[in-house]
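The values are calculated or read from the model by the stated rules, or taken from the named source; none is laboratory data. What you see is a predicted model; the values in this text were computed from it and never measured. Don't worry about glycine lacking a Cβ; one is built from the backbone with ideal geometry, like all the others, and counts go over all protein chains shown. These area figures cover heavy atoms from the full protein model, side chains too; ligands, DNA and RNA do not enter into them. Shrake-Rupley method; radii C 1.70, N 1.55, O 1.52, S 1.80 Å.
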Amino acid sequence: MLEPVGFGMAKRNGCWFIICFLLLLQATGSWGETGYDAWLRHQSLEEQARLAYELLPKLVVLVGDSKMLNSARDELSRGLLGMLGWRLSLRGTISSEPSIILGNSRVLAALLPQLKGAESLAEEGFWLKTVSSEGATHIVVTGATDRAVLYGTFALLRKIAVGDPVDNLDVKQNPYAPIRFLNHWDNLNGTIERGYAGKSIFWEKDRVSDDLNRIRDYGRLMASVGINGCSINNVNADARVITPEFLAQIARIADTLRPWGVRLPVSVDFSSPRKIGGLDTFDPLDPRVAEFWKTKVEEIYHFIPDLAGFILKADSEGRLGPSAYKRTHTDAANVIARPLKPHKGLLFYRGFVYDHHMDWRDLKLDRAKAAFDNFRPLDGAFEDNVIVQIKHGPIDFQVREPASPLFAALEKTSQAIELQITQEYTGQQRHLCYLVPMWKEVLDFDLQANGPGTPVKALVAGKTFRRSTGGFVAVSNVGRDTNWLGHDLALANLYGFGRLAWDPDLSPSQIVQEWIRLTFGNDERVDKTIVDLELKSWLAYEKYTGPLGAGTLTDIIGVHYGPGIESSERNGWGQWHRADEQGIGMDRTVATGTGFIGQYSPVVAATFESLKTCPDELLLFMHHVPYDYRLHSGKTVIQHIYDSHYEGAQEAAGFVQIWMNLKGWIDDDRYAAILKRLQYQAGHAIVWRDAINNWFLRKSGISDERGRAGHFPNRIEAENMTLDGYSVFEGKPWETASAGKALQVSSPGGQGTASFRYSGKPGQYDLSVQYFDQNNGKSSLRILLNGREVDHWLADESLPSSRPDGHTSTRRTVHALSLTPGDEIRIEATVQADERACIDYVEITPTQR
Ligand code: GCV
């Protein structure tokens, strides 16, 4: 039987006071969770589920002594107390009493002969094993290292949380790759580049944050999914970060994360020898520079003996690099990697190197080629502790890109894939976009490096070319928002990255199902509903932002959020889609285009080169085609653009309905917070839909065969209303305002009124006001129907722009208004600071029953 969370147990026990209490909590809206515990809530299991674990030992034996083992023991105690209500007893020796034994296999194998076979485990692989000894049955959590024991402990807890049996355990798991790191683009002043959930948890006002608790809790989250490294400063690095003043502070973070098995790499500035080293050069071949890095590395390891290494962004987006001295990337990498070697330190050299001043008129130039062109010729020349860190696609985290051809081109160089959890181009956590399906497609893509069977995951993990190291990195950018990423449902990406890095053979639905159970509980209805939402979300986002591989059609020279179709053109950044009056797409073919496709192995290249075999979803990434070109689906490109934007926006609207089925089934606070984000997303999806469709309609001159694009029968443009205190302005870019125009209150600090008379049929309607909620003020708005207020609100969101544009356009809806012809609808606004309470239009649609 399906029942709202918490009610089943209460009823069965006849504990009516519990029911009353829960009802009271619900009625007062205080049945809530903050999201802070993320997937480590260790929520009390339902009575029935608890029974299944009744025979689990209530004694923990910790064999060994280390910070990581202590973390494992404490987490086990915390988890079983939370989920089963037990207080575990703790002991240091194995006895005839059943116990959960934690310890690494080097120590345990001598005590328990049943652990023969532990030698086959990788360094961080764990083994959960039920053993009998001296007449007692024990559960052993072991692995070659203490870190492995920690991972095994979390795996055991996860099993219990999702209701998996734990009797007769014999589960061995090795991580797929040794590198499973998060990167953070946090600046020392506490801001985060491309962070969408508040300020840095690591930094504040040019210092490491005084409060390390939040960092410790983050370490716990990372350990629970097997993340073993985490950088804490921006790859656009501040050179000061490796001065003694900062190193002493960073050492505090390293100490905080060490018990969770998480090591720090630090992002460094290549010009450090000049900026902080007192030299007049940073030429990698100058012996003084080599000496600088050697001394610096020694100094750093004095502060942080287990530092994971450095990350370097050089010769990219204005960062200084070896080109300043006509040196190569290997010169740059090796001068830093060499002194790291004796400390087992790694140098993560970012493959994201490209010229952002390219001549956009030259049809042969192509940013997508840059990584391969830069690094392929250097294969084999890097020190073996250099890892080239390669973004998953050849451009930059667009909503859809092919796998970077560089993965298959480095045979003698270790590599890591760089993914992005922070949703820079995929809705910035204001839109739901579960990215695991996208990552999975890339990881499974067979680049056929030396014949079939070389998927990206195997290449980056070093399996294909037998590299000693390699793996997975993701830019996380969590912030101080209580729930870490701003959108509670976005945490599936953080969780998903960790799980995928551990085991890339897991499916996106397996991962999200697991995450939902840990995050929201084991109710089937909740499970199905959220799985449905998450799995639809990436494709929906792609549909209303940038289908067919054109790239996210966003403001690429700005904040990368709302629509900005032309922003990518006529500049040197190279995110071109080349849409004009005739057609759209980058011709990257070998035959007539930039030749990018030729960077793939012959079989893969042949698939992309031919229009017959190129998949529709990457068509415009690979080819330039006329708008009336027919896709494999049979639709023309232009009709696909129109249809997909309507479909995508429709799906986003559907997300709200789907979510509303969960009212009362999860806690009120997270329910409401997620609902608010989904409602916002539905409105912003319409902004995207209309901006892109109107732009392509105007550009191509080809109408939508279904008559929707450019026709909005239920819309009353604000500029056509009766105005007082409001004046009309032109949208910039034009497609981000309906019909290219909108209203702003004429004077700063003033008031404005826009009104019109309803002229449709009598009935019940939803009335939406499309307005611009800028981040430079808090206007107040109200809607009056025949002089009676029906809604009021404050435009106080912090959307990423101080102008009325595609980033700030948003909507407010009043539901089920009874309207009759002649009714006066009036919007009144009072502005504050520089925001001008800009209004675009009103839309009146029949209320759906
Ligand atoms: C940290 C993109 C982002 C930049 C980022 C860069 C990178 O260009 O927009 O903010 O800089 O990638 O990955 O280095």
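One line per residue, one yes/no per condition, for (1) open to solvent by 40 Å² or more (accessible area, probe 1.4 Å); (2) assigned to a helix (DSSP H, G or I); (3) within 26 Å of V687 (Cα to Cα):
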| site | (1), (2), (3) |
| --- | --- |
| I557 | yes, no, yes |
| E566 | yes, yes, yes |
| R570 | yes, no, yes |
| W573 | yes, no, yes |
| H577 | no, no, yes |
| A605 | no, yes, no |
| G648 | no, yes, yes |
| F655 | no, yes, yes |
| W659 | no, yes, yes |
*Just checking, how many residues over the stretch 191-226 are within 16 Å of the ligand (Cβ to nearest atom) and surrounded by fewer than 20 Cβ atoms within 10 Å (Cβ to Cβ)?*
3
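Can you spot a residue in the stretch 486-498 that is in contact with a strand residue (DSSP E or B) (Cβ under 6 Å, 6 or more places away or on another chain), modelled with pLDDT of 95 or more and closer than 20 Å to V399 by Cα?
Yes, that holds for at least one residue.
Rundown of residues vs (1) within 16 Å of the ligand (Cβ to nearest atom); (2) open to solvent by less than 60 Å² (accessible area, probe 1.4 Å); (3) touching a residue at least 40 places away in the same chain (Cβ under 8 Å); (4) farther than 22 Å from P377 by Cβ, yes/no style:
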position	(1), (2), (3), (4)
P322	no, yes, yes, no
K326	no, no, no, no
A333	no, yes, yes, no
R338	no, no, yes, no
H343	no, yes, yes, yes
V353	yes, yes, no, no
M358	yes, yes, yes, no
R361	no, no, no, yes
K364	no, no, yes, no
*One residue from E418, E424, E441, E411 being assigned to a strand (DSSP E or B), under 30 Å from R376 (Cα atoms) and of a type in the set (D, E)*: E418
_Report every pair of residues separated by at least 6 positions or lying on different chains whose Cβ atoms are under 6 Å apart, first residue within the stretch 232-244 and free of Cβ contacts under 8 Å to residues at least 60 places away in the same chain, second basic (K, R) and within 11 Å of the ligand (Cβ to nearest atom)._
none
_Test for V625: is it under 28 Å from W360 (Cα atoms) and either in contact with a strand residue (DSSP E or B) (Cβ under 8 Å, 6 or more places away or on another chain) or open to solvent by 70 Å² or more (accessible area, probe 1.4 Å) (or both)_ = yes
*Residue check, Y771 against (1) open to solvent by 60 Å² or more (accessible area, probe 1.4 Å); (2) in contact (Cβ under 8 Å) with a residue 24 or more places away in the chain; (3) assigned to a strand (DSSP E or B), all met but one. Which one?*
(1)
*Within the bounds of the stretch 152-162, is there any residue that is open to solvent by 20 Å² or more (accessible area, probe 1.4 Å), in a helix (DSSP H, G or I) and hydrophobic (A, V, I, L, M, F, W, C)?*
yes
*Which listed residue, of R430, R466, R400, is farther than 16 Å from Y349 by Cα and open to solvent by less than 30 Å² (accessible area, probe 1.4 Å)*: R400
*So, of the residues in the stretch 548-568 that are away from the ligand (no atom under 12 Å from the Cβ) and out of contact with any helix residue (DSSP H, G or I) (no Cβ under 9 Å at 6 or more places or on another chain), which turns out to be nearest to W695 (Cα to Cα)?*
S567
*Output the qualifying pairs, or none if there are none: Cβ atoms under 7 angstrom, residues six or more apart or on different chains, first residue in the stretch 89-105 and within 12 Å of A72 (Cα to Cα) and of a type in the set (S, T, N, Q), second residue open to solvent by less than 70 Å² (accessible area, probe 1.4 Å) and in a loop (DSSP other than H, G, I, E, B).*
N104/G64; N104/A144; N104/T145
*Residue satisfying all of: in the stretch 377-397; surrounded by fewer than 21 Cβ atoms within 10 Å (Cβ to Cβ) and free of Cβ contacts under 8 Å to residues at least 40 places away in the same chain; farthest from H623 (Cα to Cα) among these*: G380
*asked:* I'm trying to understand the selection: among the residues of the stretch 385-403, which are touching a strand residue (DSSP E or B) at 6+ places or on another chain (Cβ under 7 Å) and charged (D, E, K, R)?
replied: K391
_Looking only at the stretch 109-151, filter to residues that are part of a helix (DSSP H, G or I) and free of Cβ contacts under 8 Å to residues at least 40 places away in the same chain; which one of those is surrounded by the most Cβ atoms within 10 Å (Cβ to Cβ)?_
A118
*Could you say which residue among A254, A248, A223 is at pLDDT 95 or above, in contact with a helix residue (DSSP H, G or I) (Cβ under 7 Å, 6 or more places away or on another chain), farther than 30 Å from R50 by Cβ and small (G, A, S)?*
A248
*Restricting the first residue to the stretch 449-468 and requiring it to be closer than 20 Å to Q599 by Cβ, which pairs with a second residue that is surrounded by fewer than 20 Cβ atoms within 10 Å (Cβ to Cβ) and at pLDDT below 95 meet a Cβ separation below 8 Å and a spacing of at least six or different chains?*
T464/N450
*Please find, among A754, A709, the residue that is aliphatic (A, V, I, L, M), open to solvent by less than 10 Å² (accessible area, probe 1.4 Å) and not in a strand (DSSP E or B).*
A709
*asked:* Name the residue that is farthest from P615 (Cα to Cα), counting only residues in the stretch 579-598 that are part of a helix (DSSP H, G or I) and open to solvent by less than 10 Å² (accessible area, probe 1.4 Å).
replied: F596
*Do we have any residue at all in the stretch 388-407 that's at pLDDT 95 or above, more than 25 Å from the chain's Cα centre (by Cα) and away from the ligand (no atom under 16 Å from the Cβ)?*
no
*Quick one: I516 ticks every box in (1) within 16 Å of the chain's Cα centre (by Cα); (2) crowded, with 24+ Cβ neighbours inside 10 Å bar one, so which box is it?*
(1)
*Report whether or not L723 is under 34 Å from the mean Cα position of the chain (by Cα) and over 30 Å from G551 (Cα atoms).*
no
